[in-house]
Amino acid sequence: MPKRPKEPHAKDPRKLASGRWQARVTYYDPETGKRHETSATFATEREAKKWSREQEMAYRANPHRTPADQTLAEFFADWLKTVEARGLAAKTVRDYRQMAAHPLNAFGHKALNKVTPWDIQQLYTAMAESHSSRTINYVHTVLKRALADAVDWGLIVSNPAAKAKAPRGQRQPVEILTPDEARQLLDATRGTRWHTLWALMLHTGLRPGEAIAIRWQDIQWDAQTLRVMQAVSGDGSRKILGPTKTERSTRPIALGSHMMALLRAWQAEQALQREVAGTQWEDHDLVFCTRTGSLLSPRNVARAFKQDLQRAGLPTTLHPHCLRHTMASHWLAAGQSIKVVSERLGHTSVAFTLQTYAHLLPTQQAAAAEAMDRWLLDEPSPRHPHEK
């Protein structure tokens, strides 16, 4: 005789470190008996208890609730699992979860199909008192993307986030090194263990997490090509070596002869370090690693970069990511195709590259305008074919 499905039940609200109260309800799939839990946070214990009782009664009345009946919090829990399954970088998934916390704290208890553009607009207004427009826009992006998937999957009719208005934020200009500053950095670090890393990032436009994940097997010496196959995300005890940020981030990158020579020299230097480390050496085949062969911490790389900037007499407010921006900016200023630059950077689209580096294009437009002036002034006007 099949077991009778367990009854849903509300748990006592739990007070969080933030002072808010978390309400929790456990329920069971009527077909499989699998246990599930839904939760939401509230300002008071009373509100949390009220919501828990309502949810328990809803599950008792209808154990076969459809996905459209689920709360926004329940939907997001499932959606984040699908995001992970799509192969996005662990850091991206963590960022999505962090951004999703804002709408879930505000109205995660509401049914998915009851969330309105006004709910979302009120959230942005409240966030504006203590958060930057950049953070609010990131929340908007995540919410809009998740609810667009809900529409595609037939869970809701329309996307309420598409009708809400995120604040207009000033996009921060990318920080770059001038050619002279880049040479200062490389000259000041010549002979140190960081010189080749900074040179490679300047040469290739790799993200810091991609650069410190490069293995010797990823370098094709005869073809003078580097294949970006993985990346480091997280930091400290949470740092992991995993897939690149997006599918397009996995890419081949052509290297120049000087860069190849630097890598050869660094390979020989690393062989000496391996001998010194002896049995303490951890062989992960990493091009850039600690003195015992283990994975570098992105935080320590950023710290070393600031120290080397100081050594070179450059502003120490810069981050290693500026080397990526430096490569892209100077390639575009030199007239390289935006498509070529986008492919080298591993951007998801050319449009994103244009948005990021649009400030460089007016100088090229001015040059084109000058060329048009010369063409109009120096060349005779073409005769229309119908003129005699």
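The values are calculated or read from the model by the stated rules, or taken from the named source; none is laboratory data. What you see is a predicted model, and the numbers here were worked out from it, not measured in a lab. Neighbour counts are summed over all protein chains in view; Cβ atoms, including those assigned to glycine, are modelled from backbone coordinates with ideal geometry.
Per-structure values
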quantity: Residue satisfying all of: in segment 304-339; of a type in the set (S, T, Y) and not in a helix (DSSP H, G or I); surrounded by the fewest Cβ atoms within 10 Å (Cβ to Cβ) among these; calculated: T317
quantity: Verdict on L295 being part of a loop (DSSP other than H, G, I, E, B), touching a residue at least 60 places away in the same chain (Cβ under 8 Å), buried (at least 16 other Cβ atoms within 10 Å of the Cβ) and under 28 Å from the mean Cα position of the chain (by Cα); calculated: yes
quantity: Criterion violated by G191 - all others in (1) assigned to a loop (DSSP other than H, G, I, E, B); (2) surrounded by 14 or more Cβ atoms within 10 Å (Cβ to Cβ) satisfied; calculated: (2)
quantity: Residues that are in contact with a Gly (Cβ under 9 Å, 6 or more places away or on another chain), crowded, with 16+ Cβ neighbours inside 10 Å and assigned to a helix (DSSP H, G or I), drawn from segment 77-100; calculated: A90, K91, A100
quantity: Pair list, Cβ < 8 Å and 6+ apart or interchain, from segment 224-238 residues that are outside the structural domain of L200 (by TED's automatic domain parsing) and surrounded by 14 or more Cβ atoms within 10 Å (Cβ to Cβ) to residues that are at pLDDT 90 or above and not hydrophobic (A, V, I, L, M, F, W, C); calculated: none
quantity: Odd one out for G234, checked against (1) within 18 Å of the chain's Cα centre (by Cα); (2) at negative phi; calculated: (2)
quantity: Condition check for R248: among the charged types (D, E, K, R), farther than 28 Å from L314 by Cα and assigned to a strand (DSSP E or B); calculated: no
quantity: Only listed residue being at pLDDT below 85, in a helix (DSSP H, G or I) and surrounded by 15 or more Cβ atoms within 10 Å (Cβ to Cβ), chosen from A40, A73, A58; calculated: A58
quantity: Close pairs from segment 136-153: first without any contact (Cβ under 8 Å) to a residue 12 or more places away in the chain, partner of a type outside the set (A, V, I, L, M, F, W, C) and surrounded by 17 or more Cβ atoms within 10 Å (Cβ to Cβ), Cβ under 7 Å, at least 6 apart; calculated: V151/N159
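Conditions (1) at pLDDT 85 or above; (2) in contact with a strand residue (DSSP E or B) (Cβ under 6 Å, 6 or more places away or on another chain); (3) more than 30 Å from R53 (Cβ to Cβ); (4) assigned by TED's automatic domain parsing to the domain that holds A231, marked per residue:
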position	(1), (2), (3), (4)
L80	yes, no, no, no
G108	yes, yes, no, no
L123	yes, no, no, no
A128	yes, no, yes, no
N137	yes, no, yes, no
T141	yes, no, yes, no
R145	yes, no, yes, no
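For every residue, the table says whether it meets (1) over 22 Å from the mean Cα position of the chain (by Cα); (2) outside any loop (DSSP other than H, G, I, E, B); (3) among the hydrophobic types (A, V, I, L, M, F, W, C); (4) loosely packed, with under 14 Cβ neighbours inside 10 Å.
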| site | (1), (2), (3), (4) |
| --- | --- |
| I120 | yes, yes, yes, no |
| L123 | yes, yes, yes, no |
| H131 | no, no, no, no |
| I136 | no, yes, yes, no |
| V142 | no, yes, yes, no |
| A146 | no, yes, yes, no |
| V157 | yes, no, yes, yes |
| A161 | no, yes, yes, no |
| A166 | no, no, yes, no |
